[in-house]
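The values are calculated or read from the model by the stated rules, or taken from the named source; none is laboratory data. Source: prediction; values computed, not measured. In this analysis, Cβ positions are derived from the backbone assuming ideal geometry, glycine residues included, and neighbour counts consider all displayed protein chains.
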Amino acid sequence: MSAPIVLLLHGPNLNLLGEREPAIYGSDTLDDYVAFTTASAERHGLALEAFQSNHEGELIDHIHGARGRCAAIVINPGAFTHYSWAIHDALSAFDGVKVEVHISNPNAREPWRHTSVVAPVATGSIMGFGKHGYDLAIRAVAAKLGL
């Protein structure tokens, strides 16, 4: 039997991890995050697919493509967190586990970052723990899937 698949999605500007605002986001690159999350998934008997885009429609296409194929989605929507009702709607049409994850704590930052339109359709949200938030997200997925 094949391992359940977790789709790991990263939104806009997360391709700049390691370069952009290291005081907030740290020095790890997107590749470091993907490798770290892949290792966590493997420890829990999960397979991981990763995708990053600066384009809302591409993220939505990947969410749609996960329907009926993936057991879970872990998503860091970046700035789309705060206004993308289209990502909200796409996630609401996905029947698996959905975890919203953020490297920093948006609630401890600028007021415009305090609202998440993704949170209402997520199984849960993890924020403010840096790279370790991704391990927490995978652990949450595994627990929800009974692994």
Restricting the range 96-117 to residues that are of a type in the set (Val, Ile, Thr) and at pLDDT 95 or above, the one surrounded by the fewest Cβ atoms within 10 Å (Cβ to Cβ) turns out to be Val97
Filtering the range 1-31 down to residues that are touching a residue at least 12 places away in the same chain (Cβ under 8 Å) and within 23 Å of Ala71 (Cα to Cα) yields Ser2, Ala3, Pro4, Ile5, Val6, Leu7, Leu8, Leu9, His10, Gly11, Leu30
Any chance the range 25-33 includes a residue that's surrounded by 14 or more Cβ atoms within 10 Å (Cβ to Cβ), at pLDDT below 95, under 14 Å from the mean Cα position of the chain (by Cα) and not aliphatic (A, V, I, L, M)?
no
